[in-house]
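Student: Sending over a structure as structure tokens; questions will come in a sec.
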Amino acid sequence: MISRKRVLVTGGAGFIGSHLCERLLAQGHQVLCVDNYFTGTRDNIAHLLSHPQFEAMRHDVTFPLYVEVDEIYNLACPASPVHYQFDPVQTTKTSISGALNMLGLAKRVKAKVLQASTSEVYGDPEVHPQTEDYRGSVNPLGPRACYDEGKRCAETLFFDYKRQHDVRIKVARIFNTYGPRMHPNDGRVVSNFIVQSLQGQPVTIYGEGTQTRSFCFVDDLVEGLMRLMDTPDEVTGPVNLGNPHEITVRELADRIIALCGEGASLEKRPLPQDDPTRRCPDISLAKRLLGWEPKVPLEDGLRRTVAYFDARLRQPATAD
């Protein structure tokens, strides 16, 4: 029997956070969802607001938070280039000050805290697939650095809090994730391609579309995060969570166009600066420590995501 815990999810109204809140509630936990609604939306958690064990709080993690909890999932930070480059200084503050505030809270209330880190800590990798001991190839001065270096520094803070204050930490490095509740204007390839296809617009690919990505369905990712949180204290990570099967961006575009059935054309644009040419996780550690690997096939996940966006685009526009 699972004991009921008080769980804080920062960024809980976001794409991944809202799915995590759902799963935690389904397991019988009390959930405090904290979000400043910069990229998260109330629509993502509207169906949870009436749940007796769910509470939503508007709060920015760059400011301290004083609550009593048993576990903290720190997901708060814009995660797509469109959003994190909008205010790069604030993005860096969210990663670093947010980490400090959540670590300080975990230290005070003796909570376990999980950091949602990112595959971006590997930069434009020179090693494929990426293992957790690879230190990355990151440009600290480029337009993506506010996110990449902010997340790298957050990892540093997590391990320093463990060494210096014996805080119980977990670090997950999240690779490309997709599914319902993705933001339609986040600039990521899956949401971009689906929205453009459904609206009959040309599907934009950057370069020749030969760069590869690996896509993990959000349900699988949430399962990985929860399994990592439930590991013994000596398991800290970092642990890669993602799908190890690579696909080219061009092939992804073709699949989505076929699923949407709109006969969209392709439009090529120049590659953005520091855009990785390959990105694929080695998940051997997650398999060994967590008994975890993605289960949802890409075709099934894309169908569910297309259905979500199709329904959303048919709704009248509302302010989030």
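The values are calculated or read from the model by the stated rules, or taken from the named source; none is laboratory data. Computed from a prediction, not measured in an experiment: that's the story for all the values here. Neighbour counts are summed over all protein chains in view; Cβ atoms, including those assigned to glycine, are modelled from backbone coordinates with ideal geometry. We work out accessible area using only protein heavy atoms, side chains counted, and drop any ligands, DNA or RNA first. Shrake-Rupley method; radii C 1.70, N 1.55, O 1.52, S 1.80 Å.
Student: Measuring from the lowest to the highest alpha carbon on each principal axis, how far does segment 243-313 reach, largest first, in angstroms?
Tutor: 43, 33, 19
Student: Expressed as a whole percentage, what fraction of the accessible surface of the chain belongs to carbon and sulfur atoms when a 1.4 Å probe is rolled over the protein heavy atoms?
Tutor: The nonpolar share, carbon plus sulfur, comes to 50 percent.
Student: Shifting gears a bit: Only Cα pairs within less than 10 Å get springs; with that Gaussian network setup on the chain, which residue of 136, 207, 98 has the largest fluctuation?
Tutor: Sorting by GNM fluctuation, first place goes to 207.
Student: With each pseudo-label sitting 7 Å past Cα toward Cβ, what's the residue 208-residue 57 distance in nm, one decimal?
Tutor: Taking the two extended label points, one gets 5.3 nm.
Student: OK, next. Can you work out the FRET efficiency for the pair residue 127 and residue 300, with r the C-beta to C-beta distance and R0 = 22 Å, to the nearest 0.05?
Tutor: 0.15
Student: If amide H atoms are built 1.01 Å from N in the plane of the peptide, which residues on other chains or at least 5 residues away come under 5 Å of the amide H of residue 171?
Tutor: So residue 171 has HN proximity to 115, 237, 239.
Student: Out of 280, 153, 216, any idea which swings most in a Gaussian network model of the chain, alpha carbons joined below 10 Å?
Tutor: Comparing 280, 153, 216 in a Gaussian network model of the chain, the most mobile one is 153.
Student: Provide the per residue accessible area, probe 1.4 Å, for the chain, rounded to a whole number of square angstrom.
Tutor: Accessible area per residue: 44 Å².
Student: Among the listed pairs 170/287; 162/287; 151/287, give every one whose C-alpha distance is greater than 19 Å.
Tutor: Table pairs above 19 Å Cα-Cα are 162/287; 151/287.
Student: Shifting gears a bit: List the residues of segment 1-37 whose backbone N lies under 13 Å from a point placed 7 Å from the Cα of residue 68 along the Cα-to-Cβ direction.
Tutor: 6
Student: Between residue 49 and residue 284, what is the label-to-label distance in nm when each label sits 7 Å out along the Cα-to-Cβ direction?
Tutor: 4.9 nm
Student: Under 5 Å between amide hydrogens, which residues at least 5 positions from residue 130 or on another chain qualify, with H placed 1.01 Å from N in the peptide plane?
Tutor: Those lying under 5 Å, H to H, from residue 130 are 280, 282.
Student: Before rounding to the nearest 500, sum -39500 (n - 2.57) across all DSSP H runs of length at least 4 in the chain and divide by the residue total; then give [θ] at 222 nm in deg cm²/dmol.
Tutor: For the chain, the value works out to -11500 deg cm²/dmol.
Student: On a full-extension model of 0.36 nm per residue, what is the gain between residue 245 and residue 110, subtracting their alpha-carbon distance, rounded to one decimal in nm?
Tutor: Separation in residues times 0.36 nm, less the Cα-Cα distance, equals 44.8 nm.
Student: A further question follows. Which shape class applies to segment 1-71: rounded if a/c is under 1.5, otherwise prolate when a/b exceeds b/c and oblate if not, where a ≥ b ≥ c are the square roots of the Cα gyration tensor eigenvalues?
Tutor: oblate
Student: OK, next. Between 57, 229, 102, where does the largest GNM mean-square fluctuation fall for the chain, given springs only between Cα atoms within less than 10 Å?
Tutor: The residue with the greatest mean-square fluctuation here is 57.
Student: Quick one: grab the alpha carbon gyration tensor of segment 86-221, order the square roots of its eigenvalues as a ≥ b ≥ c, and give me rounded if a/c is under 1.5, else prolate or oblate depending on whether a/b is larger than b/c.
Tutor: prolate
Student: Please give the net charge around residue 14, taking every other residue with its beta carbon less than 9 angstrom from that of residue 14, where Lys and Arg add +1 and Asp and Glu add -1.
Tutor: 0
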